[in-house]
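The values are calculated or read from the model by the stated rules, or taken from the named source; none is laboratory data. Worth saying up front: this structure is predicted, and the values here are computed from it rather than measured. Virtual Cβ from ideal backbone geometry, glycine too; neighbours counted across all protein chains shown. Note: accessible area is taken over every heavy atom of the protein model, side chains too, but ligands, DNA and RNA are not part of it. Shrake-Rupley method; radii C 1.70, N 1.55, O 1.52, S 1.80 Å.
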Amino acid sequence: LATAISGTSAFTAVNNNGPRTITQLNERQPIMAGNWKMNPTTEADALNLATGFTALLNELEDTCAMDDVEGCTEVVLFPPFPFISKVMDIVGKSGITVGAQQVYYQDKGAFTGSVAASMVKSVGCEFVLCGHSERRSLFSDSDANINAKVKKVLEFGMKPILCIGETQEEYDLGITQ
């Protein structure tokens, strides 16, 4: 399960006296996000995937760019870092948004293999995944680090998608139900 924080309205209190109503929840634009993880393994395959996906999506009538048309679903793709710019060139013409799979919470420095928020912002990313279960379990991302990443993404004017799901093992065991 992922939650997208979209602009300042996401932080505005709508109803302080109880749970949100169906009408209030429906005011948010739905987002369909696809995390490519570490796939595909070549640039050629990534571009073919982006081209095929764009063609398929263009056949649908209820997808659009963020805030483009009321009642439509925004589509966001999260390709691996090396493919972001070229995938964006292909899918951007169709209103598909491209995001980064993660960022580090520092602006710059000796953090080999890390990517700064300014880097992904500079290539046009609008969304960043934060706190994915794989980042938590495989790379030991703590709640404090994830919080710092969310704040950094917001600082750079992008939208964090805070992942609050479970690992495959937890899901299979029914631990989080």
- Lone qualifier among F83, F78, F156 - being out of contact with any Phe, Trp or Tyr (no Cβ under 7 Å at 6 or more places or on another chain), open to solvent by less than 50 Å² (accessible area, probe 1.4 Å) and at pLDDT 95 or above: F83
- Query: Among all residue pairs at least 6 apart or on different chains, which show Cβ distances below 7 Å where the first residue, located in the stretch 144-157, is in contact (Cβ under 8 Å) with a residue 40 or more places away in the chain and the second is open to solvent by less than 50 Å² (accessible area, probe 1.4 Å) and in a helix (DSSP H, G or I)?
  - Reply: K152/A117; V153/A117
- Within the stretch 86-100, residues at pLDDT 95 or above and open to solvent by 40 Å² or more (accessible area, probe 1.4 Å) come out as K86, M88, D89, I90
- Condition check for T97: out of contact with any Leu (no Cβ under 9 Å at 6 or more places or on another chain) and either closer than 16 Å to L47 by Cβ or of a type in the set (S, T, N, Q) (or both): no
- Task: Hey, could you check the stretch 115-144 for residues that are modelled with pLDDT of 95 or more and polar (S, T, N, Q) and say which is most open to solvent (accessible area, probe 1.4 Å)?
- Result: S122
